[in-house]
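Undergrad: Have a look at this one before I ask anything.
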Amino acid sequence: QVQPVESGGGLVQAGGSLRLSCAASGRTFSTSAMGWFRQAPGKEREFVAGINWSGGSTRYADSVKERFTISRDNAKNTVYLQMSSLKPEDTAIYYCAARQLGYTSQSVSAYVYWGQGTQVTVSS
């Protein structure tokens with residue numbers, strides 16, 4: 001079992017950067033694929049980025065490619081999302097999630113364990 005806890009959200013101006021962290025308890029973290037999702041008011045939760053168990057494979061939503069980078073440190077049981085060139089449309093609650101399997105997926109239903117989310121607000 002993996003229990004994610006997000007941190008690092010906040011208010012930033014357009015064009016700025018933020019780094020989100022996800023600390024995950026549980027002995028299976030190092031074998032679990034992890035993902036970042038976001039949900040804006042009135043919208044469905046959407047995939048942002050995913051990383052496989054080793055960190056050797058990543059995937060991104062088209063809307064964040066070249067701007068966001070996902071990484072992980074299995075020694076620290078932590079996943080990161082480095083966000084740069086932020087836009088007002090990036091404003092959302094960002095969630096960290098864990099799979100029971102080691103390879104990534106863009107599907108919300110593929111992730112079993114979810115954090116409580118952290119708010120990211122980008123002002124124009």
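Undergrad: Can residue 86 be described as over 16 Å from residue 6 (Cα atoms), touching a strand residue (DSSP E or B) at 6+ places or on another chain (Cβ under 6 Å), touching a residue at least 60 places away in the same chain (Cβ under 8 Å) and not in a strand (DSSP E or B)?
TA: Against the criterion (over 16 Å from residue 6 (Cα atoms), touching a strand residue (DSSP E or B) at 6+ places or on another chain (Cβ under 6 Å), touching a residue at least 60 places away in the same chain (Cβ under 8 Å) and not in a strand (DSSP E or B)), residue 86 qualifies.
Undergrad: Please verify whether residue 49 is out of contact with any helix residue (DSSP H, G or I) (no Cβ under 8 Å at 6 or more places or on another chain), buried (at least 22 other Cβ atoms within 10 Å of the Cβ) and of a type outside the set (Phe, Trp, Tyr), treating the condition exactly as stated.
TA: yes
Undergrad: On to the next question. Counting only residues that are open to solvent by less than 10 Å² (accessible area, probe 1.4 Å), give me the strands (runs of 3 or more DSSP E) lying completely in the range 1-43 with at least 2 of them.
TA: Once the strands (runs of 3 or more DSSP E) in the range 1-43 are filtered for at least 2 residues that are open to solvent by less than 10 Å² (accessible area, probe 1.4 Å), what remains is 18-25, 34-39.
Undergrad: Can you name the condition, by its number, that residue 79 falls short on among (1) open to solvent by 20 Å² or more (accessible area, probe 1.4 Å); (2) within 19 Å of residue 6 (Cα to Cα)?
TA: Result: residue 79 passes all but (1).
Undergrad: Can you report the number of residues in the range 53-76 which are open to solvent by 70 Å² or more (accessible area, probe 1.4 Å), of a type in the set (D, E, K, R) and part of a strand (DSSP E or B)?
TA: 1
The values are calculated or read from the model by the stated rules, or taken from the named source; none is laboratory data. Source: prediction; values computed, not measured. All Cβ positions, even for glycine, are placed from backbone atoms using ideal geometry, and neighbour counts span all protein chains on display. These area figures cover heavy atoms from the full protein model, side chains too; ligands, DNA and RNA do not enter into them. Shrake-Rupley method; radii C 1.70, N 1.55, O 1.52, S 1.80 Å.
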